[in-house]
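Trainee: First the structure, which I've put down as C-alpha cells, then a few questions once you've had a look.
The values are calculated or read from the model by the stated rules, or taken from the named source; none is laboratory data. Since we're looking at a predicted model, the values are computed, not measured. Cβ placement follows ideal geometry from the backbone for every residue including glycine, while neighbour counts extend to all protein chains displayed.
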C-alpha cells in the first residue's frame with residue numbers, strides 16, 4: 001500500500017513537472033517564432049520602403065514614382081497593403097499614396113512618438129482602413145533642396161497572426177503527443193522502477209506476520225544493500241532475544257540456590273524471631289526475583305520478530321484441559337470460535353497459553369457450573385483491517401465489585417485464601433498482554449459472574 005502510494009506521488013509529481021516544462025517551453029517557442037515572423041515581415045516591408053525611397057530620390061521623372069514595387073496588392077483597393085509619401089517642407093503637405101488606400105490614409109508614427117531604430121526607421125502595429133490591423137514601417141528622408149519626405153509602407157498583420165497560430169497549433173499537437181509519451185514513459189519507469197521496493201514491503205509484511213523469517217529474492221544493486229542490512233537487523237534482533245533468555249535462565253539459577261540455602265538455615269532455627277524475619281524477607285526476595293525475571297523473559301519474547309500462533313487450537317485445547325482439571329466440580333466450558341475467523345496471535349504459543357490458561361482456570365475456580373469462552377475479531381477499526389482480536393471469558397460465579405476487580409489485578413492479591421493459587425495469575429496476564437500491546441479488562445458477565453476480556457494483536 002505504501003509502495004503504491006509512493007509510486008502515485010512520484011508519478012503525479014513527474015507528470016506535473018512535465019506539463020509545466022512543456023507549457024513553459026511552448027510559450028517560449030511560440031514567442032520566438034512570432035518574433036522571427038515579425039522580423040521576416042519587417043524585412044519585406046523594408047524592401048518595399050527602400051524601393052520607394054530610391055524612386056523618390058531619383059532625379060529623373062520624380063513626379064511618376066514609384067516606378068515598380070512588384071506587389072499587385074498595392075493596386076487592389078483596401079487590400080491591406082499600402083504606402084504613402086508625404087512631402088513635409090511645403091506650405092500644404094503633398095501626399096501621394098498607393099491606389100489600395102483609396103480615399104483613406106495611414107497614421108504617422110512620427111506624430112505618435114513611436115521609437116525609431118538607429119537607421120531612423122520606425123515600426124509599429126496600427127489600425128488602418130476598415131479597422132484593419134497593420135504592421136507599418138516608416139522613415140523620414142531629407143533630400144536637401146529636393147525636399148523632406150515621410151515615407152511609410154504597411155502590410156496586413158493578419159499574415160503574422162495566421163503564421164503564428166498555425167505554428168501554435170502544430171506546437172500544441174506535437175507537445176501533446178510528446179506529453180503523452182513522456183507520461184507513459186514516466187508511469188512505466190515509476191511502476192517497474194519501484195517494483196523492488198514493493199517486493200521489500202511485501203516481504204516485511206510476511207516477516208511481521210510470521211510467514212517468512214527474512215528478505216529473500218534478487219534485488220537491484222541500488223536496493224540490495226537495504227535488503228542485506230534489514231536481514232542483518234532481523235538476525236541481530238533474534239540474537240538479542242536469545243541472549244536475553246539465556247541471561248534470564250542463568251540469573252534464575254544463580255539466585256535460586258543462595259535463597260534456598262538461606263531459607264533452609266532459617267528453618268533450622270524454628271520459631272526464632274530472627275529466623276522468622278529471614279524467612280519472610282527471603283520469601284519477598286524470591287517473589288521479587290521471580291517477578292522481574294518473568295517480566296524480562298516476557299519482554300524478550302514479545303520483541304521476537306515473525307512469531308505467530310493459531311488461536312483456535314490453543315483455546316480449544318486449554319478448555320478441554322481445564323474441564324478435566326475441574327471435573328470434580330462439574331464445571332462446563334462452552335467455547336465459541338467462528339470457523340471463518342481463522343485468527344492468529346502475533347506472539348509465541350506459550351505466552352498465549354499462559355494468558356488464556358490463567359483466565360479460564362480462574363473462571364473455573366469461581367464458577368458455579370458454567371464458563372463461556374468467546375474468541376472474535378476486535379470490534380474496533382474498519383472491517384477491512386483487523387489488527388487485534390479479543391478473548392472473552394465469563395463465569396456464573398459470585399462476581400466482583402469494581403473495587404475488588406481493581407484489587408485482584410494487582411500482583412499477589414487474593415480475595416479468598418481458601419481458593420488454590422498464588423494470586424499472581426491475573427497480574428501476569430495483565431503484564432504479558434501489555435508487553436504485546438494488548439489489554440485485560442474485568443467487568444460483570446451477562447451470566448452473572450466475572451467477565452475477563454483479553455485484547456491481543458492479530459495477524
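Trainee: I'm trying to understand the selection: among the residues of region 428-442, which are part of a helix (DSSP H, G or I), surrounded by fewer than 22 Cβ atoms within 10 Å (Cβ to Cβ) and more than 37 Å from the chain's Cα centre (by Cα)?
Mentor: 428
Trainee: So is residue 308 at pLDDT below 85 and in contact with a strand residue (DSSP E or B) (Cβ under 8 Å, 6 or more places away or on another chain) or not?
Mentor: The answer is yes for residue 308.
Trainee: Given the options 333, 262, name the one that is outside the structural domain of residue 449 (by TED's automatic domain parsing), modelled with pLDDT of 80 or more and either touching a helix residue (DSSP H, G or I) at 6+ places or on another chain (Cβ under 7 Å) or not in a helix (DSSP H, G or I) (or both).
Mentor: When all the criteria are applied, what remains is 262.
Trainee: Do we find a residue being outside the structural domain of residue 235 (by TED's automatic domain parsing), touching a residue at least 40 places away in the same chain (Cβ under 8 Å) and farther than 30 Å from residue 229 by Cα anywhere in region 181-190?
Mentor: yes
Trainee: Something else about it: Across region 14-36, which residue is farthest from the chain's Cα centre (by Cα) among those that are in contact (Cβ under 8 Å) with a residue 40 or more places away in the chain and closer than 28 Å to residue 193 by Cα?
Mentor: This residue is 25.
Trainee: Separate question: Applying the selection to region 352-366, what residues are within 18 Å of residue 458 (Cβ to Cβ) and in contact with a strand residue (DSSP E or B) (Cβ under 8 Å, 6 or more places away or on another chain)?
Mentor: 352, 355, 356, 359
Trainee: Test each condition in (1) surrounded by fewer than 16 Cβ atoms within 10 Å (Cβ to Cβ); (2) modelled with pLDDT of 90 or more; (3) in a helix (DSSP H, G or I) for residue 63 and report the one that comes out false.
Mentor: (2)
Trainee: Could you list, in sequence order, all residues of region 203-237 that are loosely packed, with under 14 Cβ neighbours inside 10 Å and part of a helix (DSSP H, G or I)?
Mentor: Result: 205, 224, 225, 228, 229, 232, 233, 235, 236.
Trainee: Something else about it: Here are some conditions: (1) without any contact (Cβ under 8 Å) to a residue 12 or more places away in the chain; (2) surrounded by 19 or more Cβ atoms within 10 Å (Cβ to Cβ). Residue 138 meets all but one. Which one does it not meet?
Mentor: Condition not satisfied by residue 138: (1).
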